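*Asks:* Quick one: this structure, given as structure tokens, is what I'll be asking you about.
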Amino acid sequence: MSEPCNGPGPVEERGRIRRDVPRFVIGCEEDEQDMGQMEAGMKNEMLRQDDMEVYGNESPSERQILVGICAMMKKSKSKPMTEILERLCKFDYIDVVIFPEEVILEEPVEKWPLCDCLISFHSKGFPLDKAVEYAKLRNPMLINDLNMQYFIQDRREVYRILQEEGIDLPRYGVLNRDPDNPEECNLVEGEDHVEVNGEVFPKPFVEKPVCAEDHNVYIYYPTSAGGGSQRLFRKIGSRSSVYSPESNVRKTGSYIYEEFMPTDGTDVKVYTVGPDYAHAEARKSPALDGKVERDSEGKEIRYPVMLTAMEKLVARKVCLAFKQTVCGFDLLRANGHSYVCDVNGFSFVKNSMKYYDDCAKVLGNMVMRELAPQLHIPWSIPMEAEDIPIVPTTSGTMMELRCVIAIIRHGDRTPKQKMKMEVRHPLFFELFKKYGGYKTGKLKLKKPKQLQEVLDIARLLLVELGQHNDCEIEEKKSKLEQLKTVLEMYGHFSGINRKVQLTYLRNGQPKASSEEEDCKKDGPSLLLVLKWGGELTPAGRVQAEELGRAFRCMYPGGQGDFAGFPGCGLLRLHSTYRHDLKIYASDEGRVQMTAAAFAKGLLALEGELTPILVQMVKSANMNGLLDSDSDSLTDCQQKVKARLHEIMQKDQEFIQDDFQKLAPTGSPSLVNSMKVIENPVKTCDKVYALIQSLNSQIRKRLEDPKSADLQLYHSETLELMLQRWSKLERDFRMKNGRYDISKIPDIYDCIKYDSQHNASVGLEDTLELFRLSRALADIVIPQEYGINKAEKLDIAQAYCVPLMKKIYLDLQRTHEDEAVNKLHPLYSRGVMSPGRHVRTRLYFTSESHVHSLLSMFRYGGLLDEVKDQQWKQAMDYLSAVTELNYMTQIVIMLYEDNNKDPSSEERFHVELHFSPGVKGCEDEENVPLGFGFRPASSENEDKKPNQGSLEDLSQDQTDDALPVTELINLQRRSPMIRNRKTGSMEVLSETSPNHSSKGCTSHRLFQSCSRQSPEIKPAGGLGFEGCSMVPSIYPLETLHNSLSLKQVEEFLSKVCESSGEAQAKTMKALSGLFDSQSQTSLYSPQQPLSSSGSEASLRPPGQPLWHGSIPSSAVSSAGPSSPTTDTSGLGLNFSFSE
């Protein structure tokens, strides 16, 4: 701390006359002067004006420059102001005078103290008019222009000035309302947008009062993300915003409406001191969860940030345009750009000694430069060396984590359901045309307005059909009624739970099988596919959030504690911009919600998922990156399905030949399932009989008045449960008596769901149905992705080449490291190599992508299992895994060894990890064992944890297997102990007396803790609603931990190149996509894609890489990236830095 300035400082030696009047008196917190002394000091300062005349007669070198501080006392006595003024007094010739608040408010300006330079600024209650009058009267040098402060109080004026200066700001519209008749205004409100003066703002958008002093800013969310709004306000305690279910905009007052900018959950605050100095800090965005992060002293946590050259230019423009030397403003970093969204005028940084030093230095030099010549004070501008950025080198053999890439399947969901019907009514064709279906021959309807139109047509047709009685119409009628029932569910539309797809059939639908009569109509028709269900359950949310929390342990500094407190490595990394995080999700609601829940756990956020989803999750739809159009199968897949159906339709026991045909890879999980099944048709007969028995049990229940209003899990009713199962009963056995094998996954899906969540209903034989349908599904599901290796690869390439290219780029970009905003080196002492950052890319997707990606790693020739023992063990482990369940993870981690030569292959090192996701109902006894997470070496049979990586976080504790029936009803209620509280959710960990895990005590990354979902209310007697527990997730197993980056990159580029036909197919989608629009942020308006097919660099000529059109996910929010990356080996030049 600099010494207080009320003594005369070391300057007397220069022969100045010493006066007894203190140069600057203020209530310093340190010496706690009593108020009496302080007021006396103030009077002294004011008396000084009588000396002003005397100054004229002094020798020139004795003249002091007086800096007047004219502001409300709360501001002029604040800690930052005190710190800065103390430092300002260190200048030999500067004295400070603070205008007392009562003088400002009550005395006429003629009686105000005199000064040569005035620092005056508006805050609540300040008489700006008087300050303007004073400035006219005395004409001091103004640090912050006073007239411009009127404009800063009106957001409309602020935006006008920013626009005139050519500064980027969000697209906005101004709604002026006359307070006397608020109805008359140019506002049209739709369900998912508002129209202001004819300009449309789709949700999410921001609504700001025009008065800058009013901090009640609202953000409105689209129905597809759950609707409602986030209400921001001036910090109150630890809250800065609150979520509200209200979706309608405010009806009184004038507002600015602007598009919402998807940042990565942080706001950047910039503080200028003159046009050439700007200090920037990041803080958690108040829109994220509204909880203010505070440090141990209760101050809001902020992190220093480095501004890009463009942002420094913006700071200069803002400072000059508003004529405010000391000026604060807010930046949003989104879409690779920086937008100014607010200018606050005079404001100081809090708690930064470096800023206090800099600010006083810049202001002092400015005052001296301007006034010293006029007052004949001898003074020359000091030249100072710039701060030299310190970049400490790493020492020791610690490897540094550089990149984490994870591909994760979504969490537990309700059963997916779909219904298909062929429609020919002109109304459907009109709808198809209206939404542009003819362009591609396909149409997806998800928006509430669109679904409402489909429902209206269905209701209309049902009324028309009411007059006829014809068997063909009857069937149609039942389908239309189902369409109507499903669309009417929940009482409201939310884009996340239902969708209708229409496909144009030029000659009507081909006959599916011989049993359909030849009464087909000619001419075109539309195939209407209605999909519903498949929503993330409360259990799924908890799984995702827990996994997110556990994931933190992989980052440096996160070990030991189960990611408990904000000082945890990852959280600090993220907030300081040294964590370059992007989360992508396919466009399925359950996948997006899983991603949001995971982000909530990973970054220790609180509250609703909607705001997190809108800000943190990018949608990677439209380019096959994470979505697969399951209805358009490749030729290879069609053939595989046909062969699968043929083998599964044989009414005889499997013989050796069948094992050869169905499981050519000899995978133990397949072979075991085939042994359970023995005769596929007989097994299907049993399954069918069990479904029939299940349906008759549910019907009996429905007749029983006691259980009529029985509430099932996730607010399902017995009627809905019956609908699910009776539809499966109808569809599974076709009219010709054969079985539709494609329904097996759906049957398994339903019984898995009911065994876990609805065991309380107490239906008989569910266990047998679960066992048989699981054995069938364990064959059908994985084999639909190819039966032999060549097919598996072919199908996998069709699904995941875009994703593999993206992973290739993620790895490559990390070690070529572009100028992402990194932490200012001065502030990162104690952090390993502060200039570096960890890149995390999380891809949330569905089963198809996870299966395909795993097939690529297994069969694409990454390693030779004959030569590599660790890989052979990994392959054996993978082929024993029966199911890639919810929350399956494939994780790639890139490490750098800073002691190795940068050009050597040993410099970068890649690890591959895998977890089969959630534990199933009866997994305990026959679960395949891997080798733990990051074992020290592949030969080491006792698997010590890798010192220097992760300490032993927890032993995997499995209970003694209970009898399986008990297991299904009990779902492992092991004794739980409550650990220390973490935020709003408690971490529960299990203790189990039995620590053996089949004799293998490998060290696990994630504790297996089955926990109760917080949304589940205990119900009498049964423990939990529907007895539903949240199953725990298998810990990550290391598949390989000593791959070189070169090996992985060569493998990825080889696989991507060899994908001949798949390449041509995805090329079309990709080329148009990366042209101007990489993965659109989830809620940015989407432009139609051009499908140019060009394989050259897809950037318009002459445009820099980070040109304006790139959306949020294209350039890391951190700014431009290196344009040099050569991806030519991939046959596609991506022009985005992900």
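The values are calculated or read from the model by the stated rules, or taken from the named source; none is laboratory data. These numbers were taken from a predicted model, which means no experiment stands behind them. Here the Cβ positions follow ideal geometry from the backbone for every residue, glycine too, while neighbour counts run over all protein chains shown. Heads up: the accessible areas ignore ligands, DNA and RNA and are worked out on the full protein's heavy atoms, side chains in. Shrake-Rupley method; radii C 1.70, N 1.55, O 1.52, S 1.80 Å.
*Asks:* When you go through Leu720, Leu767, Leu694 one by one, which is the residue that is open to solvent by less than 40 Å² (accessible area, probe 1.4 Å) and not small (Gly, Ala, Ser)?
*Replies:* Result of the check over Leu720, Leu767, Leu694: Leu694.
*Asks:* Which numbered condition trips up Leu105, out of (1) within 20 Å of Val273 (Cα to Cα); (2) open to solvent by 40 Å² or more (accessible area, probe 1.4 Å)?
*Replies:* Result: Leu105 passes all but (1).
*Asks:* Name the residues in the range 726-770 that are aliphatic (A, V, I, L, M) and not in a helix (DSSP H, G or I), would you?
*Replies:* Met734, Leu763
*Asks:* Look through Gly441, Gly411 and report the one residue that is farther than 20 Å from Gly508 by Cα and in contact (Cβ under 8 Å) with a residue 60 or more places away in the chain.
*Replies:* Answer to the check: Gly411.
*Asks:* Of the residues Tyr257, Tyr277, only one is open to solvent by 30 Å² or more (accessible area, probe 1.4 Å) and in contact (Cβ under 8 Å) with a residue 60 or more places away in the chain; which?
*Replies:* One residue alone meets the criteria, Tyr277.
*Asks:* Quick test of your reading of the structure: Leu570 fulfils all but one of (1) touching a Gly at 6+ places or on another chain (Cβ under 6 Å); (2) among the hydrophobic types (A, V, I, L, M, F, W, C); (3) at pLDDT 80 or above. Name the failing condition by number.
*Replies:* Failing condition for Leu570: (3).
*Asks:* Is there a residue in the range 288-304 that is farther than 24 Å from Arg160 by Cα, open to solvent by 40 Å² or more (accessible area, probe 1.4 Å) and either among the aliphatic types (A, V, I, L, M) or modelled with pLDDT of 85 or more (or both)?
*Replies:* yes
*Asks:* How many residues are touching a residue at least 12 places away in the same chain (Cβ under 8 Å) and out of contact with any Leu (no Cβ under 7 Å at 6 or more places or on another chain) if we restrict to the range 131-142?
*Replies:* Total satisfying the criteria: 3.
*Asks:* What residue, of Arg177, Arg138, Arg156, is over 38 Å from the mean Cα position of the chain (by Cα) and basic (Lys, Arg)?
*Replies:* It is Arg138.
*Asks:* Just a yes or no: is a residue in the range 707-721 under 28 Å from Ala642 (Cβ atoms) and part of a helix (DSSP H, G or I)?
*Replies:* There is no residue in the range 707-721 that is under 28 Å from Ala642 (Cβ atoms) and part of a helix (DSSP H, G or I).
*Asks:* Within the range 870-877, is there a residue that is modelled with pLDDT of 90 or more and not in a helix (DSSP H, G or I)?
*Replies:* no
*Asks:* State which residue pairs qualify: first residue surrounded by fewer than 17 Cβ atoms within 10 Å (Cβ to Cβ) and inside the range 359-376, second residue in a helix (DSSP H, G or I) in any location, beta carbons under 6 Å apart, and separation of 6 or more residues or different chains.
*Replies:* Short answer, once both residue conditions are applied: His376/Pro60.
*Asks:* How many residues are open to solvent by 30 Å² or more (accessible area, probe 1.4 Å), of a type outside the set (Lys, Arg) and over 27 Å from Met875 (Cβ atoms) if we restrict to the range 663-687?
*Replies:* 2
*Asks:* In addition: Would you pick out the residues in the range 360-380 that are under 12 Å from Ile143 (Cβ atoms) and small (Gly, Ala, Ser)?
*Replies:* Hit for the range 360-380 is Gly364, nothing else.
*Asks:* Let me ask another. Inside the range 438-471, can you point out the residues that are farther than 21 Å from Val486 by Cα and at pLDDT below 85?
*Replies:* Gln467, His468, Asn469, Asp470, Cys471
*Asks:* If we keep just the residues of the range 107-132 that are under 53 Å from the mean Cα position of the chain (by Cα) and part of a helix (DSSP H, G or I), which is nearest to Leu88 (Cα to Cα)?
*Replies:* Ranking the candidates gives Ala131 first.
*Asks:* Working only within the range 881-915, note down all residues that are part of a loop (DSSP other than H, G, I, E, B) and either of a type in the set (Ser, Thr, Tyr) or within 30 Å of Ala777 (Cβ to Cβ) (or both).
*Replies:* Answer for the range 881-915, where residues must be part of a loop (DSSP other than H, G, I, E, B) and either of a type in the set (Ser, Thr, Tyr) or within 30 Å of Ala777 (Cβ to Cβ) (or both): Val881, Thr882, Glu883, Leu884, Asn885, Tyr886, Met887, Thr888, Ser903, Ser904.
*Asks:* Quick one: in the range 407-460, which of the residues that are farther than 24 Å from Gly589 by Cβ and among the acidic types (Asp, Glu) is surrounded by the most Cβ atoms within 10 Å (Cβ to Cβ)?
*Replies:* Glu422
*Asks:* Out of the residues in the range 141-153 meeting the condition of being open to solvent by less than 40 Å² (accessible area, probe 1.4 Å) and either in contact with a Cys (Cβ under 7 Å, 6 or more places away or on another chain) or among the aliphatic types (A, V, I, L, M) (or both), tell me which one is nearest to Ile256 (Cα to Cα).
*Replies:* Ile152
*Asks:* Can you tell me how many residues within the range 644-662 are part of a helix (DSSP H, G or I) and loosely packed, with under 15 Cβ neighbours inside 10 Å?
*Replies:* Matching residues across the range 644-662 total 4.
*Asks:* For the range 92-102, how many residues meet the condition of being surrounded by 22 or more Cβ atoms within 10 Å (Cβ to Cβ) and assigned to a loop (DSSP other than H, G, I, E, B)?
*Replies:* 1
*Asks:* Now, a different point. Can you confirm whether the range 811-830 contains a residue that is within 30 Å of Asn899 (Cα to Cα), at pLDDT 90 or above and outside any helix (DSSP H, G or I)?
*Replies:* No; the residues of the range 811-830 include none that is within 30 Å of Asn899 (Cα to Cα), at pLDDT 90 or above and outside any helix (DSSP H, G or I).
*Asks:* Something else now. State all residues of the range 307-339 that are touching a strand residue (DSSP E or B) at 6+ places or on another chain (Cβ under 7 Å) and of a type in the set (A, V, I, L, M); if no residue qualifies, say none.
*Replies:* Leu307, Met310, Val314, Ala315, Val318, Val326, Leu331, Leu332
*Asks:* Would you mind stating whether Pro182 is open to solvent by less than 40 Å² (accessible area, probe 1.4 Å), under 12 Å from Tyr257 (Cα atoms), in a loop (DSSP other than H, G, I, E, B) and not polar (S, T, N, Q)?
*Replies:* no
*Asks:* Within the range 359-412, how many residues turn out to be at pLDDT below 65 and either at positive phi or not in a loop (DSSP other than H, G, I, E, B) (or both)?
*Replies:* Final tally of qualifying residues: 1.
*Asks:* Based on this model, can you work out whether Leu128 counts as among the hydrophobic types (A, V, I, L, M, F, W, C), without any contact (Cβ under 8 Å) to a residue 24 or more places away in the chain, surrounded by fewer than 21 Cβ atoms within 10 Å (Cβ to Cβ) and touching a helix residue (DSSP H, G or I) at 6+ places or on another chain (Cβ under 9 Å)?
*Replies:* Here the answer is yes, as Leu128 does meet what is asked.
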